[in-house]
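Student: One structure, pasted below without further comment.
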Amino acid sequence: MHQTNFSMSIDESIDEVYNSNVKVFVRILPLEKPCDSCAKISTDGKTIYLRCLQDMQRDEQSKHPIYWTFHIDGIFHEMSQDKVYCATAKDLVEKNNLRALNGVNCVLIGYGQTGSGKSFTIGGLRNNWEHRGIVPRLLSDMFVEKANRRKISDIRYCLSFIELRGKNVVDLLTQKRRIFNINERSIFKNVIIIDVENEEETLKHVREGEGRRSIVRSTTYPVSHLGATVITIHVSNASLIKSQAIVATAKIHIVEMAGTGTVGKSSCWKTAVDLGMANLMKIQLEQYFLYLRKPSVCTYSVIRSSNLLKLLRDAFTVTSIIRFISHVRITREDLEVTLSTMRLTAKIAKLKPIKTIRHIQPQTELIVQQLQEQVNTLKKELELNDMFLHQEALPNISKARFEQISQDVINFLQGFISELTLFNVTQARILVNVVKQLYDNLPQFADSHKVDAKSSAMTLPWQCRCAWLSIKTLSVSICFQMATSLQRPSDRQINYST
Ligand SMILES: Nc1ncnc2c1ncn2[C@@H]1O[C@H](COP(=O)(O)OP(=O)(O)OP(=O)(O)O)[C@@H](O)[C@H]1O
């Protein structure tokens, strides 16, 4: 059942991590001489067995060793940075329906013992590009996704980067050392938040912030960090599709906890004060998760006691995407702290995730624009209605206008003008009456307009009949236009050719 050297045989298990919103992983630091008897991994890479400390102390070479069992979502041992990223964070911006771009808050936390590889997993910024960590890979995917969706979404990202050390909060996005407190009512009130347009610019800010972190240099590896850091990417995704006038907002918090440890151990270079603060932060997190499993009034007092919890409060619930990556060093000396780290992991793994909450609100600008368009359409319809309907009630047209319409009809019948322009139903009625009068008085019409008797006998009745028919059609057409104008705006002046 067990495999030695912690090797993980089944890669497919990594694909299954997308099923739930709360996931816990363990990353084992590759060592030259790990303690093989201290830990075992199941062949499916989802269970880690850690040697019981008392059993180890009693008989290290026991033939029947006793192990603690921890069930988790994935174990990374000698696994590439890319695979770790794909398993833990790639879906935060990529998957449809429940991730950051769709308004779901995400928290990814790397924690564990000092020197166990947290910075390597989270940032990897001190390593070469191939070994870059989760943050640069996530930023890259976020901007690719932004470009992919540019026709349908207006995606904006902002960045904040802070360090938490004891009770102090330091803004890492400014050169001037700014120490402040987290404002409980408006969490990001004192935090610098900058708009970021592209991957290079964002990475530059992150690198600069990384360079401002508090560190100890006297270690066997390049630097040991003293405080925890939180990189927050504020995501806003406004739909450009008018029928979907929504804006989704979310935060992606990427937390690198301060490394825990025991004072006096050879693997620990921090002072007692720094270690105490790091251990305290871990205990507060543990307490919080205990309460989160069964919410109680105590939750609030735990949150108040920790800047990290205050900062993450809104996102740190089982309705968000939560990813934990525990970092452990499998050595005899570190077994105690490894067991302690895994106990926290086990508490988080027991959380019962519930359906994620999407933070979506109506997109006011787009809604106002849509309403404005509707108002304009309605205004046009009102104008048309006014033009057609109200004027029907006012048939008292002037004598001069009546004569002008009559003359227009005659000119039209005689071919002097090619088309008649009507402005309303009243004019159309007058026009019909004029033509009827002309038709009724056909002989007089021929005389008064000096039309040749022979040709008038042949052509005028025909012309007038055609005109009459055309005008009938015209009346029907006007009625039709009036009816349709209620749905469709059109120009104020309508030309009707007979
Ligand atoms: N998976 C890994 N593969 C190869 N090297 C690693 C791995 N993880 C960590 N390292 C190396 O181990 C050293 C310590 O790692 P890192 O600085 O990430 O530890 P840390 O947990 O952040 O330490 P601290 O808490 O002291 O800041 C670094 O030199 C890092 O490059």
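The values are calculated or read from the model by the stated rules, or taken from the named source; none is laboratory data. Not measured: the values here are computed from a predicted model. Note that each Cβ is placed from the backbone with ideal geometry, even for glycine, and that neighbours are counted across all protein chains shown. Keep in mind that these areas ignore ligands, DNA and RNA; they rest on the heavy atoms of the full protein, side chains included. Shrake-Rupley method; radii C 1.70, N 1.55, O 1.52, S 1.80 Å.
Student: Read through the list (1) aliphatic (A, V, I, L, M); (2) closer than 30 Å to E145 by Cα; (3) away from the ligand (no atom under 15 Å from the Cβ), then give the number of the only condition that I182 fails.
Tutor: Failing condition for I182: (2).
Student: Of all residues in segment 115-128, which are within 6 Å of the ligand (Cβ to nearest atom) and not hydrophobic (A, V, I, L, M, F, W, C)?
Tutor: Correct list: G115, S116, G117, K118, S119, N127.
Student: Kindly list the number of the only condition in (1) within 15 Å of the ligand (Cβ to nearest atom); (2) modelled with pLDDT of 90 or more; (3) open to solvent by less than 60 Å² (accessible area, probe 1.4 Å) that fails for M142.
Tutor: Unmet condition: (1).
Student: Looking at Y221, is it assigned to a helix (DSSP H, G or I) and aromatic (F, W, Y)?
Tutor: No.
Student: For segment 115-139, which positions are open to solvent by 30 Å² or more (accessible area, probe 1.4 Å) and assigned to a helix (DSSP H, G or I)?
Tutor: Within segment 115-139, S119, F120, W129, E130, H131 qualify.
Student: Q54 passes all but one of (1) in contact with an Asp or Glu (Cβ under 9 Å, 6 or more places away or on another chain); (2) modelled with pLDDT of 80 or more; which number fails?
Tutor: With respect to (1) in contact with an Asp or Glu (Cβ under 9 Å, 6 or more places away or on another chain); (2) modelled with pLDDT of 80 or more, Q54 is out only on (1).
Student: Quickly run through segment 104-145 and pick out the residues that are without any contact (Cβ under 8 Å) to a residue 60 or more places away in the chain, in contact with a helix residue (DSSP H, G or I) (Cβ under 9 Å, 6 or more places away or on another chain) and more than 21 Å from M281 (Cβ to Cβ). Please lay out each step first, then the result.
Tutor: Of segment 104-145, the ones without any contact (Cβ under 8 Å) to a residue 60 or more places away in the chain are 120, 124, 127-133, 137, 140-141, 143-145.
The next check asks that each one be in contact with a helix residue (DSSP H, G or I) (Cβ under 9 Å, 6 or more places away or on another chain); those that pass are 120, 124, 127, 129-133, 137, 140-141, 143-145.
Once the filter is applied, which keeps residues that are without any contact (Cβ under 8 Å) to a residue 60 or more places away in the chain, in contact with a helix residue (DSSP H, G or I) (Cβ under 9 Å, 6 or more places away or on another chain) and more than 21 Å from M281 (Cβ to Cβ), segment 104-145 yields G124, N127, W129, E130, H131, R132, R137, S140, D141, F143, V144, E145.
Student: Of H205, H234, which residue is open to solvent by less than 50 Å² (accessible area, probe 1.4 Å) and either over 27 Å from Q284 (Cα atoms) or touching a Pro at 6+ places or on another chain (Cβ under 8 Å) (or both)?
Tutor: Of H205, H234, the one residue that is open to solvent by less than 50 Å² (accessible area, probe 1.4 Å) and either over 27 Å from Q284 (Cα atoms) or touching a Pro at 6+ places or on another chain (Cβ under 8 Å) (or both) is H205.
Student: If you don't mind, there's one more thing I want to ask. Among the residues in segment 193-215, are any within 16 Å of the ligand (Cβ to nearest atom) and either closer than 20 Å to L29 by Cα or part of a strand (DSSP E or B) (or both)?
Tutor: Looking through segment 193-215, at least one residue is within 16 Å of the ligand (Cβ to nearest atom) and either closer than 20 Å to L29 by Cα or part of a strand (DSSP E or B) (or both).
Student: Follow-up question, since we're still on this one. Go through segment 262-278 and report how many residues are modelled with pLDDT of 85 or more and within 12 Å of the ligand (Cβ to nearest atom).
Tutor: Number satisfying all stated conditions: 3.
Student: Continuing with this model, one more query. Within segment 84-92, is there a residue that is within 13 Å of the ligand (Cβ to nearest atom) and in the same structural domain as S320 (by the TED database)?
Tutor: yes
Student: Which of the following residues is open to solvent by less than 10 Å² (accessible area, probe 1.4 Å), within 16 Å of the ligand (Cβ to nearest atom) and within 35 Å of the chain's Cα centre (by Cα): G103, G112? Please lay out each step first, then the result.
Tutor: Values: G103 fails: within 16 Å of the ligand (Cβ to nearest atom).
Unique residue meeting the criteria: G112.
Student: Now a separate question. Within segment 73-94, can you find the residues that are open to solvent by 40 Å² or more (accessible area, probe 1.4 Å), of a type in the set (D, E) and within 24 Å of T43 (Cα to Cα)?
Tutor: E78, D82
Student: Please return the ranges of helices (runs of 4 or more DSSP H) entirely within segment 46-113 where 1 or more residues are more than 27 Å from L335 (Cβ to Cβ) and of a type outside the set (V, I, T). Write out each step before concluding.
Tutor: Numbers: elements: 53-58, 81-88, 91-94.
The qualifying helices (runs of 4 or more DSSP H) are 81-88, 91-94.
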